[in-house]
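Beneath this line is the structure, given in structure tokens, with notes to follow.
Each reported figure results from applying straightforward, stated rules to the coordinates on display, with no laboratory input. Just so it is clear, the model here is predicted, and its values are computed rather than measured. Cβ sites come from the backbone with ideal geometry, for glycine too, and all protein chains shown count toward neighbours.
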Amino acid sequence: MTRLAVPKTYKLYIGGAFPRSESGRTYEVLRADGAFLANAAKASRKDARDAIVAARGAVASWSGATAYNRGQVLYRIAELLEGRRAQFVAEIEEAEGVSRAAASAQVDESIDRWVWYAGWADKFAQVAGNANPVAGPYFNISVPEPTGVVAIVAPQDSSLLGFVSAVAPALVAGNAVVVVASERFPLSAISLAEVLATSDVPKGVVNVLTGSPAEIAPWLASHADVNAIDLVGAGALDWISLEIDAADTLKRVLRPESGPDAAAPALGRISAFTETKTVWHTKSLR
Amino acid sequence: MSFLDYAPAPESRAILSLRDQYGLFIDGEFVDGRGTPFQTISPATEERIAEISSANQADVDDAVAAARRAYDRTWSRMSGRDRGKYLFRIARLVQERARELAVAESLDNGKPIKESRDVDVPLVAAWFFYYAGWADKLDHAGLGANPGSLGVAAQVIPWNFPLLMLAWKIAPALAAGNTVVLKPAETTPLSALIFAEILQQADLPAGVVNIITGAGDTGAALVAHDGVDKVAFTGSTAVGRAIAKQVAGTDKKVTLELGGKAANIVFDDAPIDQAIEGIVNGIFFNQGHVCCAGSRLLVQENVHDEVVERLKLRLSTLRLGDPLDKNTDIGAINSKEQLERIRELSDIGVAEGAERWSAPCVIPENGFWYAPTIFTNVQTSSRIAREEIFGPVLSVLTFRTPAEAIAKANNTPYGLSAGIWSDKGSRILAVADELRAGVIWANTFNRFDPASPFGGYKESGYGREGGRHGLAAYLSPTPIGQAATRQSLAAPATAKPIETADAAPKRTRRTAQRSRTDSATKGSKR
Amino acid sequence: MSGTSLVTARERALAVLGGEPDDATLGRYLHGIPGVDAVGLEQRAAGLGTRSIKTTSKQRALDTIISLIDLTTLEGADTPGKVRSLVAKAMTPDPSDASTPRVAAVCVYGDMVPYAVDALGAAHGDPDDGLISVAAVATAFPSGRSSLEIKLADTAEAVAAGADEIDMVIDRGAFLAGRYGLVFDQIAAVKEACRRADGTSASLKVILETGELVTYDNVRRASWLSILAGGDFIKTSTGKVQPAATLPVTLLMLEVVRDWHLLTGQRIGVKPAGGIRTSKDAIKYLVTVAETVGEEWLVPHLFRFGASSLLNDVLLQRQKMTTGHYSGPDYVTID
């Protein structure tokens, strides 16, 4: 006698909670073979708005945490993910229709990426910052600081690795993010949100929207309280319009990437969402 | 006559030998522009200085083509060491002709000679010296080994620091191996054209730097040109926004240095006399025509009256008048249009209930002038506390606690600069941490140095000028066609470098959807 | 020579301090004064130093400088003859040009006062009236390292001998040790010793010796302390310690004098001394005075230059402006 399975309800992740879309909408997520897999919440512009409010509210504490602490929190995600490897492998197998080996490789790489970025938290400022030898009696130092709220259109052709590759670097410096997950493969993103919710990541630091990037991204790109937008997964959208919208408030923009190297690990992905602040102070013995 | 009525001490104009007419500097030669020429005038007297060519679309095409040829055939193939030597040469020539450049700048811009002589021109030389040394050390620019140049840089600069902004743009561009088409502001082309003569004296290969003059449409045509790989703009946020829209979807890299509404925060334990000087320097330096000007004075409420009283005393000693007089502190407003904008916003301040006080100055009969002005009783909601006036007008607001000071300072879409005055180190550093601005001056203000990155948060633009960061804005981590050799970043096997905030990796050019941005980039003024 | 009366000074100090001028009260007050950012101060001074004073303004400046000089000799080898020579120079700085103003005072050691008074004769008097004062350094100048009794005797002797002005040194050791009350009391006592039998008083210049105080915060506090204690003038240096007068230090002291005037309405004098050797430098000081406290301070009872070699450089410049060509050192007298 087989046991009747208990299917999971996939919701949004906003401000540390898992609400349904305020619109009440869902959409069907299908297996690679076209069979029904699950219903995912179909986020609306109001969900996006709420997510941005949650993210803004989280910036001060996350960016104000010590870099050492942020590094540990990010590393903790890797630990938790490792503990739930099997769940993620199975989810990816089911959703993407790939072999167990391929799904395992994706999870492994995702975990390793968290580890890699976690290690950068208390180092990138040393690499991207400068003590500047100005011609005068001044202490002068340049440091990278988080830009604030980063909206991300996650890579669309990957369940977990693309999502992690885009989100992790934005978190390193202390930004809070609103991520639109892969439309086709949203489930791993929500499962990861469950990991985040039980990790030490403060609520609001990561907010996950599922649904139609084409519908949501314009609201993110034009929102005045978003400081930067990563269009890495927006290649199939009218991303030029998104870039134009983003220009209204001079948002920092990363343009779409495609292929297996999309959102590959790079220090540049961290510094893309930082602002260089230069502080001068007078120096004198007198 | 009192001793304080210092006898006139005019800097001699004899050092300047101006032509009556200036062409465009394209491919190493001065050529006539095909647009309608215009006159450049002295804003202090409204007298004509010279006739300036205007570049039309065909001229822009020629300039970009010249820059492209120079890039392909000469500059991108030249060793960094030799590029550096050219920049060192330019730095030396600027020093040798410093006084001439300063006089031209003050004549054309209206700024006091003591500023052009002691600040602008020395910094111009320093900028070329600094970046000259970078030219053969690009591996250390922070982008990994062997970074590549971008190609042709289109650079559009404002009228407030005509020659200094030219240096900020050209020096890093050339050090990194790019070639340049630069458009100075319509009202201040003179020093850039003298600089073109310096380039000839330096024997810089033809086409490496091209200088085209004209109005906003010339700048718009340059920025929009398909042959351009990099756009660097300093000017108003409105134009910067239009440029950002125009380049959307292209593979142009962009840096924007835009407007500001800097808070200058004075705590009650500030070194008071130096704070007063810093406030004066913060807003009245260069007639307040400074994007990073400390235009919002945030004073701790318990010292407000004392600060304002001391400020008024100090302002009463400022000397407004002939920019070429060595004792002039406040020169002319750069243009009639700018003067009208300052007047309009000041009148709005009065209408909104702020109290206006202007230093007692004798305003010359001709030319464009505005007396140093303070508004007290200004609220955060006042337009004069929110909009960039870009003139010698200071708005005074109060705060009670550090947290309130930070909140008020950050309550603006801009984020270019800020000042902090206090004797308490821990508070200075903590406040500096919290301020959302790219440059923080603590117990000083309006200091600039080629080694020090400058640029804004939020709507003050993106990218940095100055320092290693300013160099990186003209480099690409992956030279086209050499990607295979460049796996050196310490990252997992899949790691690849990508560029910083303002940029994305090179990609196939897409046709930008420009229908929404046709009206972009009108005017280069701040 | 209208030194403020001691009673008035003390009452004013009590009112400003809100208590007895002991170490604790003075310490609280002096350390409550806003700090000085050295870089900003030096930049402001440098900025004032770039003023370009030409033609008629320069002529006026040169004459003003001469009229504000305390022509000084403070050598162990000083003799009556040397002092007479100095006085002659003070009375007739440029024998070739009768329009040259006289200096404000001659400044000598206390035991040389009688010779100076004698040599001045009818020219001895208030520089505000076109006459020449005699200033004497006192209080165990330059170190100030002796007992109060000796300092007071030193002062009283000079005043009795006819000195119009006393240039005292503060006890820098006591100041640096935080014994502000002691410094205050000594200044007040010396001020008392400046009284003459007829009830008038010699003017008191208080030398801070800024080169030993080192920091600008110290200079600012010492300036306030000296004024609170009743000094009529605050003076930078003895000339025996380097650095002596500098433009930033003088600017800072002028700022204190300005603030004191705003607070009490009383005008205090400032005397930079030592190291000012050229007209060009001296003009920077005039500009600094005029733009900090106002040009009404450019009078002998509110501003002095303590200098010896400055006078001849000013005379050379003056001759250049009169004749149109550059003069040479053989065309001015050496004392």
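Ordering B:Ile342, B:Val280, B:Asn411 by Cα displacement along the dipole of segment B:263-442 toward the positive end leaves B:Asn411 in first place; charges were set at the Cβ atoms of Lys, Arg (+1) and Asp, Glu (-1).
Relative contact order of chain B: what whole-number percent is it, with Cα pairs under 8 angstrom and at least 6 residues apart? Mind dumping the intermediate values first?
On the way: 1233 pairs, mean separation 102.5, N = 526.
Once divided by the residue count of chain B, the mean separation gives 19 percent.
With a 10 Å cut-off around each Cβ of C:49-57, the average count of Cβ atoms from other chains is 6. Highest GNM mean-square fluctuation among C:Ile65, C:Ile207, C:Ile53, for chain C modelled with Cα contacts below 10 Å: C:Ile53.
To make sure I understand, if each residue's beta carbon is the centre and we count other beta carbons within 10 Å, what order do A:Tyr13, B:Tyr474, B:Tyr6 fall in, fewest to most?
Working: A:Tyr13 27, B:Tyr474 30, B:Tyr6 23.
Listed from fewest to most nearby Cβ atoms, that is B:Tyr6, A:Tyr13, B:Tyr474.
Under 5 Å between amide hydrogens, built in the peptide plane, is the criterion, and for A:Thr26 it picks out A:Lys42 among residues at least 5 positions away or on other chains.
Taking amide H positions as modeled 1.01 Å from N, with prolines and chain starts lacking one, the residues under 5 Å from B:Asn210 and 5 or more places away or on another chain are B:Val180, B:Val181, B:Leu182.
Kirkwood's formula applied to the C-alpha pairs of chain C gives a hydrodynamic radius of 19.9 angstrom. Normalising the average separation of contacting C-alpha pairs (under 8 angstrom, six or more residues apart) by the number of residues puts the relative contact order of segment A:26-282 at 26 percent. When peptides B:56-66, B:228-238, B:310-320 are sorted by average Cβ neighbour count within 10 Å, with the highest value leading, the order is B:228-238, B:56-66, B:310-320.
Scoring C:151-161, B:205-215, A:118-128, A:237-247 by mean Cβ neighbours within 10 Å over their residues and listing the highest first yields B:205-215, A:237-247, C:151-161, A:118-128. Take the Cα of B:Ser12, step 7 Å toward its Cβ, do the same at B:Ala430, and the gap between the two points is 5.8 nm.
Between the residues C:Gly178, C:Ala104, C:Phe141, the greatest Cα displacement towards the positive end of the dipole of segment C:6-331, with unit charges on the Cβ of Lys, Arg, Asp and Glu, is found for C:Ala104.
From the gyration tensor of the Cα coordinates in segment A:26-282, what semi-axes in whole Å does the equivalent ellipsoid have, largest first, with each one equal to sqrt(5λ)?
Values: eigenvalues 199, 88, 48 Å².
Values for segment A:26-282, descending: 32, 21, 15 Å.
Kirkwood hydrodynamic radius of segment B:263-442, from the reciprocal of the average inverse Cα-Cα distance over all distinct pairs: 16.3 Å.
Could you tell me whether segment A:47-141 comes out rounded, prolate or oblate from its Cα gyration tensor? Rule is a ≥ b ≥ c as square roots of the eigenvalues, rounded for a/c under 1.5, then prolate if a/b exceeds b/c, otherwise oblate. Don't jump to the answer; show the numbers that get you there.
Working: a/c = 3.07, a/b = 1.96, b/c = 1.56.
Prolate is the answer for segment A:47-141, as a/c is 1.5 or above and a/b outweighs b/c.
All other residues whose Cβ lies under 13 angstrom from that of C:Leu252 are scored, Lys and Arg at +1 and Asp and Glu at -1, for a net of -2. Peptide B:264-274 is shielded by partner chain Cβ atoms: per residue, an average of 5 of them sit within 10 Å of its Cβ.
The string of couplings for segment B:194-199 from the Karplus curve (6.51, -1.76, 1.60, θ = phi - 60°) is 5, 4, 4, 5, 4, 4 Hz, one whole number per residue in order, with x for Gly and Pro. Local charge for C:Leu204 was computed over the other residues whose Cβ lies under 12 Å away, with Lys and Arg +1 and Asp and Glu -1, and equals 0.
Charged side chains reduced to their Cβ positions (Lys and Arg at +1, Asp and Glu at -1) give the protein assembly as shown a dipole of some 2360 debye around its Cα centre.
Quick check on the exposure proxy: order A:Leu30, C:Leu251 from fewest to most C-beta atoms within 10 angstrom. Intermediate results must be reported in sequence, preceding the final value.
Working: A:Leu30 13, C:Leu251 25.
So the residues, fewest neighbours to most, are A:Leu30, C:Leu251.
For segment A:195-286, the alpha carbon positions stretch 63, 37, 29 Å along the principal axes, listed from largest to smallest.
Semi-axes of the equivalent ellipsoid of the protein assembly as shown are 65, 36, 24 Å, computed as sqrt(5λ) over the eigenvalues of the C-alpha gyration tensor in descending order.
DSSP finds beta bridges in the protein assembly as shown, and of those with both partners inside it, around 30 percent are antiparallel.
Note down the net charge around A:Ser212, summing +1 for each Lys or Arg and -1 for each Asp or Glu among other residues with Cβ under 10 Å from its Cβ. So the surrounding residues net to 0. Whole-Hz Karplus values for segment B:402-412 come out as x, 4, 5, 4, 5, 4, 5, 4, 7, 7, 7 Hz, taken residue by residue from phi with 6.51 cos²θ - 1.76 cosθ + 1.60 and θ = phi - 60°; glycine and proline positions read x.
Considering only beta bridges that DSSP places wholly inside chain B, some 30 percent are antiparallel.
A cut-off of 5 Å between modelled amide H atoms, ignoring neighbours fewer than 5 places along the same chain, links A:Thr276 with A:Glu145. Annotation: the residues C:Glu255, A:Glu22, sorted from fewest to most other C-beta atoms within 10 Å of their own C-beta, follow the order A:Glu22, C:Glu255.
Can you tell me the mean projection area, over all orientations, of the convex hull of segment C:95-156's alpha carbons? Units nm², please.
5.3
Among the residues of A:256-262, the average count of other protein chain beta-carbon atoms within 10 Å of the residue beta-carbon is 2. Comparing C:Thr64, C:Thr236, C:Thr139 in a Gaussian network model of chain C, where Cα atoms under 10 Å apart are tied by springs, the biggest mean-square fluctuation is seen for C:Thr64. With the cut-off at 30 Å, tell me which of the pairs C:Lys191/C:Lys240; A:Lys11/A:Lys277; B:Lys230/B:Lys336; A:Lys283/B:Lys336 have Cα atoms farther apart than that. Violating the 30 Å limit, Cα to Cα: A:Lys11/A:Lys277; B:Lys230/B:Lys336; A:Lys283/B:Lys336. Here segment B:125-226 has an Rg and Dmax of 13.9, 42 Å, counting Cα atoms alone.
Positive-end ranking of A:Leu81, A:Ser222, B:Ser476 along the dipole of the protein assembly as shown, with charges on Cβ about the Cα centre, is headed by A:Leu81.
Entry note, segment C:6-331: relative contact order of 19 percent, from Cα contacts under 8 Å with a spacing of 6+ residues.
Mind checking the dipole of segment B:34-164: about its Cα centre, +1 per Lys or Arg Cβ, -1 per Asp or Glu Cβ, Debye to the nearest 20? Kindly include the intermediate steps, with their values, before the conclusion.
Values: 17 positive and 17 negative charges, 121 e Å.
In total the dipole reaches around 580 debye.
Here segment A:26-282 is assigned +1 on the Cβ of each Lys and Arg and -1 on the Cβ of each Asp and Glu. Its dipole about the Cα centre then comes out at about 660 debye.
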